[in-house]
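Working notes for the structure below.
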Amino acid sequence: MQQPENSFLSLTLSYITVRKEMICHSTYKRYLVFFRLLQRFEGFLHRRLILTNINAEFVRDFFIFGKKEEYSENTLHRTIHFVKTILNFAEKKGITTHVRELEVRREKQPSRIIILTESEITKIKQTEVPEEYETAKDWLLISCYTGQRISDFMVFNKSQLSEAGNRMYITFVQQKTHKEIVLPLHPVVLNILKKNDYCFPDPIDHNVYNRRIRKIAKLAGINEKINARKRTGHRSEDALVKKWEVISSHIGRRSFASNFYGKIPTPLLMQATGHSTEKMFLNYINHNSHERLATLGNYFEQLYAG
């Protein structure tokens, strides 16, 4: 059914179409998730979402719907942020909106940064896995020692490699930020390349990769019980789970930032990860890392003994 000209979903679809060629695939998929959620909200209301009615009352009704359908707080707040983006898009086209009514106060939630510690990465490195899992294992180790998103590391290739001063580098442009990154390769990555005639492993589908690295972490005994958000379909809830159950492709990037934080100057780490601000970079740090706390405790003991 054709939607009226003042349909909010029609404007949203127009925005997604315009932006499709300018954004990375993961962002495009996230936009579609928001769009489908708003479609479900229309069904909940039994009426069209009209642009002029996207206001404070819309926000109230949307949160009622979201709580009833058991969506996570993050999903609801991110969707409202997306709605504001659409309204700002409309304003630039000369359309008056109620975008300033969409301010939503949000209680700060304690961050849960799930990482693989250095000892856990070593356990994975030493774990024998079925042959069909070897490629995923190599990519997981590469991600933990390069700190890149899957959209970047999964397309690493031999042509991006160079050598200078007896050191090997990889040069690439991040898909999300469009920043050029020049990264010296960690010995673990170099060892993986050496065994593959200086070629990177074959690419793996994102979903297949996530399933396989969870299996690898399980085989490696990454069984620490942690509190985490466990997703079921489009919903998620707090649960006490084994760490291997909630591992996904982004854990390599977070582990890199967290494990090297405090050991390598932060500006150098930010150059490697491509973060623009220290505040954004610190969102990746697990400040409660047991290994970092143990190291700090050792320093205290050494100072006291002296």
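Scanning the stretch 75-101 for residues that are without any contact (Cβ under 8 Å) to a residue 40 or more places away in the chain and not β-branched (Val, Ile, Thr) yields a count of 11.
Give me the residue from the stretch 159-170 that is at pLDDT 95 or above and more than 15 Å from Pro187 (Cα to Cα) and, out of that set, surrounded by the most Cβ atoms within 10 Å (Cβ to Cβ). Top of the filtered list is Gln160. The residues of the stretch 149-177 that are of a type outside the set (A, V, I, L, M), more than 22 Å from the chain's Cα centre (by Cα) and either farther than 28 Å from Thr27 by Cα or in a strand (DSSP E or B) (or both), listed by number, are Ser162, Glu163, Gly165, Asn166, Arg167, Tyr169. Looking across the stretch 190-207, just one residue is over 20 Å from Glu128 (Cβ atoms), touching a residue at least 40 places away in the same chain (Cβ under 8 Å) and in a helix (DSSP H, G or I), and that is His206. Restricting attention to the stretch 14-30, the residues being within 20 Å of the chain's Cα centre (by Cα) and among the β-branched types (Val, Ile, Thr) number 2.
Contact map, the stretch 153-173: residues that are outside the structural domain of Arg253 (by TED's automatic domain parsing) paired with residues that are hydrophobic (A, V, I, L, M, F, W, C) and part of a loop (DSSP other than H, G, I, E, B), Cβ distance under 8 Å, separation 6+ or inter-chain. No pairs are found.
Among helices (runs of 4 or more DSSP H) lying entirely in the stretch 215-306, which contain 3 or more residues that are modelled with pLDDT under 90 and of a type in the set (D, E, K, R)?
Details: elements: 251-260, 266-273, 278-282, 290-305.
Of the helices (runs of 4 or more DSSP H) lying wholly inside the stretch 215-306, those with at least 3 residues that are modelled with pLDDT under 90 and of a type in the set (D, E, K, R) span 290-305.
Between Glu70, Glu42, Glu57, Glu91, the distinction of being assigned to a helix (DSSP H, G or I) and more than 26 Å from Thr17 (Cβ to Cβ) belongs to Glu57 only. Of the residues making up the stretch 105-148, those that are at pLDDT 95 or above and among the basic types (Lys, Arg) number 3.
The values are calculated or read from the model by the stated rules, or taken from the named source; none is laboratory data. Please read all numbers here as calculations on a predicted model, not as lab measurements. Reconstructed Cβ throughout: ideal geometry from the backbone, glycine too, with neighbour counts over all protein chains shown.
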